[in-house]
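The values are calculated or read from the model by the stated rules, or taken from the named source; none is laboratory data. Everything quoted here is computed from the prediction, not taken from an experiment. Note that each Cβ is placed from the backbone with ideal geometry, even for glycine, and that neighbours are counted across all protein chains shown.
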Amino acid sequence: MPSAPDVDTLAAKVPDGSLLSWPVDYAGSPVALAHALVRKGARNLRLQTIPASGYAADLLIGAGCVAEIETSGVSLNEFGPANRFAKAVKSGTIRIKDATCPAVHAELQAAQKGVPFVPMRGIIGSDILKNRDDWKQVDNPFGDNDPIVLVPAVRADFACFHAALADANGNVWVGRRGELKTQAHAAAASLVTVEALYDGDLLEHDTYAAGTIPALYLEAVALAPQGAWPCGFWYEDQPVDEAQMQLYAKASRTDEGFQSYLNEYVYGRRRAAAE
Amino acid sequence: MSEDLGYHPRELLITSIARLAKGARHAAAGAQSPVPGSGLFLAQHWAEKSGGPRMQVTVLGSKKYYPFTDGGRELFDMAGQGRLDVFFLSGGQIDGHGNSNLVGIGDYPQVDVRFPGSFGSAYLFYVVPRVILFREEHTRRVFVDKVDFVSTPGTSPQNVYRPGGPVALITPLCLFSFDRNRGRFTLESIHAGHTLEEVLDNTGFDFDRPGTVPTTEPPSTEDLSVMRTMIAPKIADAYPKFAREMWGYEPKAAAS
């Protein structure tokens with residue numbers, strides 16, 4: 001059985017100021033948890049997007065939950081720019097740590113190994129590096145006049161993601177979404193929502209086992225059907241709710257529009273797709 | 001579809017991209033890239049038709065044409081090993097030295113106009129041998145003398161490990177090649193229906209050009225038919241809206 005009865009119980013486990021790693025919109029963004037964090041009035045969260053984000057980061061930023069974001073990009077993609085993110089960056093209400101996708105993955109890979117850093121190609125000469133005093137350019141000790149960048153291990157307080165299935169032992173199945181495994185391995189603990197329950201032990205089944213994260217990495221799991229809505233979710237081919245994303249893209253252009261969106265869909269828990 | 005040309009302007013862009021991707025073992029198109037993705041499928045078709053080595057096409061956002069099973073890192077790690085020959089990059093601003101800005105306009109970090117972010121550019125632009133710059137807006141707002149923020153530089157000093165970089169820039173008006181040693185673009189051809197004057201008026205950076213600039217080779221009748229019948233269903237896996245609007249393609253429910 002899931003160890004948390006609902007997403008609000010999951011959100012209650014997140015102290016203000018926590019560092020959360022959060023997957024990109026299409027990989028299993030735990031949107032129901034984001035809504036619960038807004039409802040609980042979370043503050044000063046630090047987000048590390050794996051490696052980019054859209055709806056969830058924009059919403060958390062707009063609701064005043066976020067103090068800092070490390071990201072390779074925040075966008076609503078075909079639905080338009082991430083307005084709350086852009087506004088917060090421009091006004092300086094959040095600290096931005098611009099990154100590039102493979103460097104974010106590398107920060108997780110270092111944390112996953114329990115080593116302080118990993119070296120990375122690329123990046124040298126980019127203004128990203130100039131603005132990241134936590135990334136270092138060094139001379140390759142095995143080479144000859146070969147500059148290379150080191151990125152530090154980033155161990156989030158909580159990896160947050162939406163997965164497909166959980167079994168009674170608390171194992172969760174993420175299928176081919178390997179970045180969710182890396183996210184869980186790298187973080188101190190994981191808070192997970194799942195689409196459905198699996199009747200049996202995921203680790204006993206070879207087809208499932210390869211795509212399963214064992215319970216030892218997980219802090220708590222809550223059942224949240226359509227927990228990525230309005231983002232799409234790969235399990236059972238749930239498409240992006242285009243009408244809802246358009247509605248959000250439009251509402252989030254103004255402070256008033258964004259507030260009424262929160263009132264209706266986050267505090268009011270209205271689910272346009274389900275009703 | 002344009003009555004005068006006999007093809008959609010995007011079909012010319014797709015064909016031009018396919019020519020640049022020829023001979024690749026593995027080519028990939030990133031997020032929000034239906035035109036590049038279609039170009040890669042056309043190049044793949046040519047490779048199959050000529051009986052040459054198989055060309056792997058990877059389309060981010062597709063289920064069927066995205067072969068990775070080990071997470072988001074796999075594409076980048078594999079590219080770092082040299083297993084990816086062709087990739088695409090865009091930019092909110094692109095300058096004449098091949099620098100791309102995906103971060104914003106104004107003083108960083110509190111920029112006046114914020115773009116989404118640099119995504120994989122500050123890595124793939126270094127390690128992928130053939131990076132094609134592609135932007136569907138050709139204006140002085142985009143093509144500037146100097147970018148406000150270098151998400152990724154067009155060239156690097158000699159001692160920086162850099163097997164990759166830009167080779168070309170394709171826009172709705174024309175095709176430029178990029179010389180990595182000189183860090184400059186050269187105008188290679190102008191698309192039918194457009195003029196040199198138009199290119200000069202709308203480009204904010206200095207570039208080289210031959211005395212007479214050729215017209216971009218149009219897509220052949222056969223290539224147009226291939227795009228409309230064979231490429232449409234493939235690109236629809238990641239971009240159903242694009243396939244519908246470009247080619248009126250509707251996936252058959254029974255086929256999935």
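Observations, loosely collected:
- Verdict on B:Ala21 being touching a Gly at 6+ places or on another chain (Cβ under 8 Å) and at pLDDT 95 or above: yes
- Leading residue by the ranking (farthest from B:Phe185 (Cα to Cα)) among those in the range B:93-136 that are in contact with a Lys or Arg (Cβ under 9 Å, 6 or more places away or on another chain) and of a type in the set (Gly, Ala, Ser): B:Gly106
- Filtering the range B:168-188 to residues that are surrounded by fewer than 18 Cβ atoms within 10 Å (Cβ to Cβ), assigned to a strand (DSSP E or B) and either within 16 Å of the chain's Cα centre (by Cα) or within 13 Å of another protein chain (Cβ to nearest Cβ) (or both) leaves only B:Ser177.
- Test: B:Thr58 is in a strand (DSSP E or B) and either within 22 Å of A:Leu129 (Cβ to Cβ) or without any contact (Cβ under 8 Å) to a residue 60 or more places away in the chain (or both): yes
- Residues satisfying the stated conditions in the range A:165-206, i.e. β-branched (Val, Ile, Thr) and either part of a loop (DSSP other than H, G, I, E, B) or over 15 Å from A:Glu219 (Cβ atoms) (or both): A:Val174, A:Thr182
- Set A:Val138, A:Val149: member being surrounded by fewer than 17 Cβ atoms within 10 Å (Cβ to Cβ), within 26 Å of B:Arg162 (Cβ to Cβ), of a type in the set (Val, Ile, Thr) and over 24 Å from the mean Cα position of the chain (by Cα): A:Val138
- Members of the range B:61-91 found to be within 8 Å of chain A (Cβ to nearest Cβ), touching a Lys or Arg at 6+ places or on another chain (Cβ under 7 Å) and either part of a strand (DSSP E or B) or buried (at least 18 other Cβ atoms within 10 Å of the Cβ) (or both), listed by number: B:Gly71, B:Gly80
- Residues in the range A:233-250 that are of a type in the set (Asp, Glu) and out of contact with any strand residue (DSSP E or B) (no Cβ under 9 Å at 6 or more places or on another chain) were compared, and the one that is farthest from A:Arg271 (Cα to Cα) is A:Asp237.
- Residue in the range B:125-140 that is facing chain A (nearest Cβ under 8 Å), under 30 Å from B:Asp223 (Cβ atoms) and surrounded by 24 or more Cβ atoms within 10 Å (Cβ to Cβ) present: yes
- Selection status of B:Thr15, β-branched (Val, Ile, Thr), in a strand (DSSP E or B) and at pLDDT 95 or above: no
- Across the range A:55-76, the qualifying residues are those that are without any contact (Cβ under 8 Å) to a residue 40 or more places away in the chain and either assigned to a helix (DSSP H, G or I) or closer than 26 Å to A:Ile148 by Cα (or both), and the one among them that is nearest to the other protein chains (Cβ to nearest Cβ) is A:Gly73.
- Here the condition is being within 14 Å of chain B (Cβ to nearest Cβ) and at pLDDT below 95; of A:Thr207, A:Thr182, A:Thr100, it holds for A:Thr207 alone.
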